[in-house]
Amino acid sequence: MSDQQQPPESPDYAGLAGYGSARESASDAVLGVMAWYAEQIVLEQRRPAPDPARVEELMSERRAARSDLERARTIDLQEAERIADAYVARLRDLTA
């Protein structure tokens, strides 16, 4: 990935699972990932020759995250912690 495609420095979401309610932590982690996907969509669309398949893949991943965000509002503690952990790890991978 070129410097132009790198998102701005992301906040560190690694500690979210231990603070606040589990649902809030899950929501915050999912929102961080959604923001990364949104940034990548914009960057890809602004390229001189955008890759439609990449745009669609990014949009699909963002939609899936949106579904998890909706679920995070009503899930139990264990599921919220699982979602928070998964999305913290995903954001770490995406921004590494």
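The numbers here are math on the coordinates, done by the rules we state, and not lab data. Quantities reported herein were computed from a predicted structural model and do not represent experimental measurements. All Cβ positions, glycine included, derive from the backbone under ideal geometry; neighbour counts span all protein chains shown.
Arrange the following residues from fewest to most other Cβ atoms within 10 Å of their Cβ: I41, I75, I83. Working shown, then result.
On the way: I41 19, I75 16, I83 24.
Placing the least packed residue first, the sequence is I75, I41, I83.
Working out 0.36 nm times the residue gap between E56 and E79, then minus their Cα-Cα distance, what length gain in nm do you get to one decimal? Mind dumping the intermediate values first?
Details: separation 23, 0.36 × 23 = 8.28 nm, distance 2.81 nm.
Full extension from E56 to E79 adds 5.5 nm.
Can you sort T95, T74 from fewest to most other Cβ atoms within 10 Å of each residue's own Cβ? Write down the numbers at each step before the final one.
Numbers: T95 16, T74 9.
Starting with the residue having the fewest Cβ neighbours, the order is T74, T95.
Per residue and in cubic angstrom, what volume does the convex hull of the Cα atoms of segment 17-95 have? Let's see the in-between values first.
On the way: hull volume 5.9 nm³, N = 79.
Normalising the Cα hull of segment 17-95 by residue number yields 75 Å³.
Could you go through segment 66-75 in sequence order and give the Karplus-derived ³J(HN,Hα) for each residue, using 6.51 cos²θ - 1.76 cosθ + 1.60 with θ = phi - 60°, rounded to whole Hz, and x for Gly and Pro?
For segment 66-75, the Karplus curve yields 4, 4, 5, 5, 4, 5, 4, 6, 10, 7 Hz.
With each pseudo-label sitting 7 Å past Cα toward Cβ, what's the R46-R71 distance in nm, one decimal?
If labels sit at R46 and R71, their model points lie 3.3 nm apart.
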